[in-house]
Amino acid sequence: MIRAMQREDRAPVLDLIERTEMFSGEEIAVAEELIDRYLDDPGQKDYFIIVSESDEGAVTGYLCYGPTDLTEGTFDLYWMAVDPACQGKGWGKALLKQMETIVEDDHGRMIIIETSSQPKYEPTRQFYLRQGCTEAARIADFYKPGDDRVIYIKRFDT
């Protein structure tokens, strides 16, 4: 099941983000800040968060996205993480597909996804390619020397 994040999901989501061992402490702090903004200000329209949930009610993943400022129909995927015990079982694909449906229903034209070129992100980059995203740009040494920003795009026919 995919649904909007609720306050009781906060601790499980932060726990699974940390357990992925993919994000630095600074990155986790930013993810937490966006989660709190989403939960504490339900009227804001910058960030939306969905979670996947097992039949037993356990949070298996989360995805944070929002409209890109000063654009028409462009959205950014900010964060996505799946519980390490649940990876490879379709939860990430389900989260991304739900986001795509929401974006298309909102007359979205494209989704922009940014990630790192670090070797540990190779499975993530391959995941996006398998989901029909294309690499649109690469900015060498963006995050630090030897760590490029890789930008993917998913376009929709409108």
Pull up the cross-link candidates among the lysines for residue 154, meaning alpha carbon to alpha carbon under 18 Å and not fewer than 8 places away within one chain. 93, 97
May I ask for the net charge around residue 156, where only other residues with Cβ less than 11 Å from the Cβ of residue 156 are counted and Lys, Arg are +1 while Asp, Glu are -1? -2
Taking the Cα centre of the chain as the origin, how large is its charge dipole in debye, to the nearest 20, when only Lys and Arg (+1) and Asp and Glu (-1) carry charge on their Cβ atoms? 580 debye
Classify the chain: rounded, prolate or oblate, from the alpha-carbon gyration tensor (a ≥ b ≥ c, eigenvalue square roots; a/c under 1.5 rounded; otherwise prolate if a/b is larger than b/c)? rounded
Taking placed amide H atoms and a strict 5 Å upper bound, the residues 5 or more places from residue 142 or on another chain that come that close are 147, 148, 149
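Only the coordinates and a few stated rules stand behind these numbers; no lab work does. What you see is a predicted model, and the numbers here were worked out from it, not measured in a lab. All Cβ positions, even for glycine, are placed from backbone atoms using ideal geometry, and neighbour counts span all protein chains on display.
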